[in-house]
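**Q** My questions will all concern the structure given below.
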Amino acid sequence: METDPKTPDGMLLTADADADTGSGASTGADVGTDEAGVWEELVTSALLGTDRRTPTGVAGFGAVPGADLPGALLDAAALHTVRRRAGLRPGPAAPPPEPAPEDPRGLLPEAARRRLDQLLAGRAAPSPAGRRGSAPDLAELLPQWLTLANRHGYKAPSASLPALLDAARARTDLRPQALRLAGPRGLWLARLNPEWRFALRGAGAGGALPDLGDPEGVRTLWDEGLFAERVALLAAVRAEDPAAGLALLASTWSAERAEDRLMFLDSLRGGLSDADEEFLEAALGDRSRNVRTTAAELLSALPASALAGRMADRAVSCVGLDRTAPSPAVTVEAPHECDTAMQRDGLVATPPAGRGERSWWLGQLVEAAPLSCWPPRFGGRGPEEIVALPVGDDWQAELHAAWCRAAVRQRDAAWSRALLGAPADPPATGPGTSSLAERAQLLSTLPPEERALWVAAFVAAHGLSEAFQLLGVCEVPWAEPLGGAVVDALDIARDAGSYPWSFSGVMGLAERCLAPEAARQLESLTARPDEAEDVSPGAGGYWSEAFQRLVSTLRLREAMRAELTGPAPDAPVTP
């Protein structure tokens, strides 16, 4: 009969052999060459079967030739397994890591330290029946706490670094702020744990950068640093001296990997100016399509660039006034081809599934053309007048969508206002776009105060069901009258017997974005209202619970803010 090559404890002999020769221990002479030979003989017999290969080294286990050899083999294997393991010697100790670098930033106040541990520990327990309950969601407050702590220039306590890195590993939205708080010690710690290696790749993991006034230190880090450190260094140099940052990047550009060139190029958005044009124009010939596309996008954001001029010439040849129409109107003749020159300037020739080629090419041309080219093309009309003109042959949606993208790319507030229209206008009949996502992007180009006023008027006119994406681009905490408009709209929705669960997203946003002072205004809404017969069953309880959670969250945010502005420890002791 044949046997399975297993020891009595169920382990494969071959696996045992591998395990016993792992790193950190020595074999060979330590166990003796004879012992090694016996072990190999046992493994061979187990693999081939005792009926094909009679094992040696089983004497003393009661085996009679031709009988009970499988059992004797397993007994011998068990004995030799213990003998081999007992004979192993530990390998040499690994050298200790370099000490963690110093972090000169201030220590957190004691109350803020305790709050950080609480936020990192998890979230509030779920309420019965699948509802969120009235307790604040701690995990959703962690990003805001990190932002406030970084704004005050604090560093993370050393004992909290593992939990902070674990949280950043699980949630990419936390990484920039979490790695900034972790600082150079977090980066040092990430090098010791493979699960935290993401920190070495993120731009927020730059660690301790050299003094930007030290050219030798800057050059050394740029030539020898980790990618994350180099990205952070480039951003820091660009913020102080854009020309010096560009020169630093140009010095090693040709030797960088394609994916690194893309990331470095994207970092030029900060401080982008006409001085970057020559470098970006050269990048249009890069061997990576993604790099070429990004370079073209950056150049199109420079209205005076040669690429912007080329795009303007192409765009105005496709779009203009219809001279044959009885009243002013826009006529469109989309491109019939996407030639090599257009592709070099960043146009993608192949459209995505479901898009026509000509409309795809037109959209890219108009998006990349400087918006300043359109008033002369339309007889001196301004953005509002141009956007109000009818567009022939069903090209309006495509043309206005491209103008929206151009306004966002070029950060043109005048065109954004024209494309947004009045907040009271129904979204489906707005002058520029009916897409709430595009409207949110257009709003991002306006000053924060104007943005809040526009969204407040939109909420007052249309309620909250259409406003979720628009609220997300407003500055936090929501300034008045936006905060009051949101609270009033929630109160109206509750009194109207609206389906409460459809407002859960807005409620969650309000918990993070309303000013903490709004808690006093919301107190009266926490009581359970009387439910009419025509409302959803249980709606009153849901609204009461949601407002209670909102009030408690706002109060917790106020406490967090007070804790971070409290007195910090006097002694510079490492936490």
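**Q** Can you compute log10 of I(q)/I(0) for the range 404-493 with the Debye formula, treating each Cα as one identical point scatterer, at q = 0.10, 0.22, 0.23, 0.24 Å⁻¹?
**A** Relative scattering, expressed as log10 I(q)/I(0), comes to -0.22, -1.04, -1.13, -1.22.
**Q** Return the sequence-ordered ³J(HN,Hα) values of the range 462-478 in whole Hz as given by the Karplus equation 6.51 cos²θ - 1.76 cosθ + 1.60 applied to θ = phi - 60°, using x for Gly and Pro.
**A** Karplus values, whole Hz, x for Gly and Pro: 10, x, 9, 5, 9, 9, 4, 5, 5, 5, x, 9, 7, 5, 9, x, 4.
**Q** Just the number please: accessible area per residue for the range 343-432, 1.4 Å probe, all protein chains included, in Å².
**A** Using a 1.4 Å probe on heavy atoms only, each residue of the range 343-432 averages 43 Å².
**Q** Would you list 462, 400 from the most to the least accessible area, probe 1.4 Å? Don't skip to the answer; put the middle values down first.
**A** Values: 462 50, 400 5 Å².
Solvent-accessible surface, decreasing: 462, 400.
**Q** Between the range 367-383 and the range 288-327, how many Å separate their Cα centres?
**A** Cα centres, the range 367-383 to the range 288-327: 11 Å.
**Q** Once phi is turned into θ = phi - 60°, what whole-Hz ³J(HN,Hα) does the Karplus curve with 6.51, -1.76 and 1.60 give for every residue of the range 506-518, x standing for Gly and Pro?
**A** 5, 4, x, 5, 5, 4, 8, 10, 5, 5, x, 5, 5
**Q** What order do you get for 329-335, 515-521 when each peptide is scored by the mean count of other beta carbon atoms within 10 Å, highest first?
**A** Answer by packing, highest mean first, reads 329-335, 515-521.
**Q** Turning to a different aspect of this structure: Test of understanding: express the Cα radius of gyration of the range 249-299 as a ratio to 2.2 N^0.38 Å, with N the residue count.
**A** Rg over 2.2 N^0.38 Å, computed on Cα atoms: 0.99.
**Q** For residue 274 and residue 173, compute 0.36 nm times the residue count separating them, minus their Cα-Cα distance, and round to one decimal in nm.
**A** Separation in residues times 0.36 nm, less the Cα-Cα distance, equals 33.1 nm.
**Q** Now for a separate question. Of the accessible area of the range 138-181, with the probe set at 1.4 angstrom, what percent is carbon plus sulfur?
**A** In the range 138-181, the share of accessible area belonging to carbon and sulfur is 53 percent.
**Q** Quick check for you: with a 1.4 Å probe and neighbouring chains kept, what is the accessible area per residue of the range 175-297, in Å²?
**A** That works out to 48 Å² per residue.
**Q** For the range 139-147, take each phi angle, set θ = phi - 60°, evaluate the Karplus expression 6.51 cos²θ - 1.76 cosθ + 1.60, and give the result in whole Hz per residue in order, putting x for glycine and proline.
**A** Those phi angles translate into 4, 6, 8, 4, x, 5, 4, 4, 4 Hz.
**Q** Roll a 1.4 angstrom probe over the protein heavy atoms and tell me the percent of accessible area of the range 302-460 that is carbon or sulfur.
**A** 54
**Q** At 1.4 Å probe size, with the rest of the protein present, what percent of the exposed accessible area of the range 236-301 is carbon and sulfur atoms?
**A** Here it works out to 51 percent.
The values are calculated or read from the model by the stated rules, or taken from the named source; none is laboratory data. Just so we're clear, the structure is a prediction, and the values are computed from it rather than from any experiment. Because the Cβ atoms are built from the backbone with ideal geometry, glycine has one as well, and the counts that use them run over all protein chains shown. Quick note on the areas: whole protein, heavy atoms, side chains included, nothing else; ligands and nucleic acids left out. Shrake-Rupley method; radii C 1.70, N 1.55, O 1.52, S 1.80 Å.
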